[in-house]
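Q: Got a structure for you, written out below as structure tokens; questions coming shortly.
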Amino acid sequence: MGEVFILSDRPSGASVAAKMIDQVYPSEVHPLAMTSVDDLADVPAVIFSLGNFGPVEIRQVRALCEEVEICRKSIFAIRSRSERARAMQAEAFGFKRIVFLDDGSPAVQDAVSAIFEEDYKAALEKAAPLAGDTFFACSKALLAIGSELRQLKPVRISRALPGAGKVSHAVSIEGVGQMVKAASLHHDPTCRHSIAVAGYAAALGQALDLAEEDLRLLAMTGLLHDIGKMLIPVSLQEKAGRLDHGEVARIREHPELGAKILRMQGGVEPVVVQAVRSHHEYLDGSGYPFGLKGERISPLSRMVTIADTFAALTERRAYRPAKSPAEAIAIMAGMAGSKIDAGLLAAFRPIVLDTAFARRHPLPKSPGRPVLKEGIHPLRPEEGNSRWTVA
Ligand SMILES: [Fe+2]
Ligand SMILES: [Fe+2]
């Protein structure tokens, strides 16, 4: 189901708004004449995008907007700022959010994000406070980074630092379960997934008693690992049907694209850039984009791959239902050794299967020195640096 319903009196008129939203949130276009109050009950956000605004449309809009909750989560889209009379008319109907399509996609996306932000606040009020606070810090950073990327503006990656800095604390005090539960509220699939991956990656680092610096690297890489996907329309990422060759190739560009973005903006540790680039590589060389093998894949990257694979399998996709944690771990056990690091997977397993462990994993009192930045495997520090390279 789409996260945003676009109500239109003619499909062609709604396609402009749909295209603008489609970069961030899944959307569906529905004919205004066929839509009732009941149809909108469970819809997170609604955009009224109407070509005509004659007596028939006015009657229908009025009927829908009489419901306070529908009015709250609705946006009235107007083609141009020159149409002042229509804006006044929308205000008179009670619309609090009016956007002008000629202001461009960011204005429309921001208006939708503002509605979702209200939902998050309401839902997280009672939730674990640290997970909620971390969710907002991460969400704010990722949405801003995504918006800057799509507008081809310089991206301030440093925005992600405060959120990444909060992840491991929230996970250690309230448990990774709360972090992932908060992440699942997000309506942007990349934000939802990235916040969860950051939580799982930090939890894996905690299970291995890693130093705080390593936990920060894990959370930061988790948050940024799919940044390249922010330039791929959600409609393609979430496509229900089979992807053609070109579409698969486009999606598979995201690790290299993400690394390129991070390199261009600067200020991100090389080991993070490398892990973003290689989070879909497998130990046996069967991954992408470069088919890197074994030692060429850093321990940080291997850890994020485990967090990423587990998060992806347990998330619902348009083309398949979510797997249970046990099913996901069983699938990953079949990949252990050949594709993913068996020792790291063994450390990850209790985090997601042992509920007592998942609830809270206290930080070690005297963790060792940081290892991940130097490419040292946390389970085999005596072996020294792995041969990962930053290209
Ligand atoms: Fe990815
Ligand atoms: Fe991912």
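The values are calculated or read from the model by the stated rules, or taken from the named source; none is laboratory data. What you see is a predicted model; the values in this text were computed from it and never measured. Every residue, glycine as well, gets a Cβ built from its backbone with ideal geometry; the counts of neighbours run over all protein chains shown.
Q: Which helices (runs of 4 or more DSSP H) sit wholly inside segment 1-91 and have at least 2 residues that are of a type outside the set (Phe, Trp, Tyr) and surrounded by 19 or more Cβ atoms within 10 Å (Cβ to Cβ)?
A: Here the list reads 11-22, 55-65.
Q: For segment 309-316, indicate whether the set of residues that are surrounded by fewer than 16 Cβ atoms within 10 Å (Cβ to Cβ) and at pLDDT below 95 is non-empty.
A: Yes, the conditions are met somewhere in segment 309-316.
Q: Still on this structure: Being within 19 Å of VAL167 (Cβ to Cβ) and away from ligand 1 (no atom under 16 Å from the Cβ) is true for just one of ALA347, ALA312. Which residue is that?
A: The conditions single out ALA347.
Q: Shifting gears a bit: Look through GLU269, GLU256 and report the one residue that is at pLDDT 85 or above and either more than 24 Å from ARG296 (Cβ to Cβ) or within 13 Å of ligand 1 (Cβ to nearest atom) (or both).
A: Answer to the selection: GLU256.
Q: Just to check your reading of the model, which residue among GLY199, GLY241 is surrounded by fewer than 17 Cβ atoms within 10 Å (Cβ to Cβ) and more than 14 Å from ligand 1 (Cβ to nearest atom)?
A: Exactly one residue qualifies, and that residue is GLY241.
Q: Output the number of residues of segment 229-243 satisfying the condition of being free of Cβ contacts under 8 Å to residues at least 40 places away in the same chain and within 16 Å of LEU142 (Cα to Cα).
A: Residues flagged as free of Cβ contacts under 8 Å to residues at least 40 places away in the same chain and within 16 Å of LEU142 (Cα to Cα) within segment 229-243 amount to 2.
Q: Going residue by residue through segment 58-69, is there one that turns out to be at pLDDT 90 or above and within 27 Å of the chain's Cα centre (by Cα)?
A: no
Q: Same structure, new question: Working only within segment 172-196, note down all residues that are more than 16 Å from ligand 1 (Cβ to nearest atom) and under 18 Å from the mean Cα position of the chain (by Cα).
A: Residues satisfying the conditions are VAL176, GLY177, GLN178, MET179, VAL180, LYS181, ALA182, SER184, LEU185, HIS186, HIS187.
Q: Among the listed residues GLY205, GLY222, which satisfies the condition of being more than 16 Å from ligand 2 (Cβ to nearest atom), under 21 Å from MET335 (Cβ atoms), part of a helix (DSSP H, G or I) and in contact (Cβ under 8 Å) with a residue 60 or more places away in the chain?
A: Only one candidate qualifies: GLY205.
Q: State yes or no: is LEU257 within 15 Å of ligand 2 (Cβ to nearest atom), in the same structural domain as ILE195 (by TED's automatic domain parsing), more than 28 Å from ARG380 (Cβ to Cβ) and not in a loop (DSSP other than H, G, I, E, B)?
A: Against the criterion (within 15 Å of ligand 2 (Cβ to nearest atom), in the same structural domain as ILE195 (by TED's automatic domain parsing), more than 28 Å from ARG380 (Cβ to Cβ) and not in a loop (DSSP other than H, G, I, E, B)), LEU257 qualifies.
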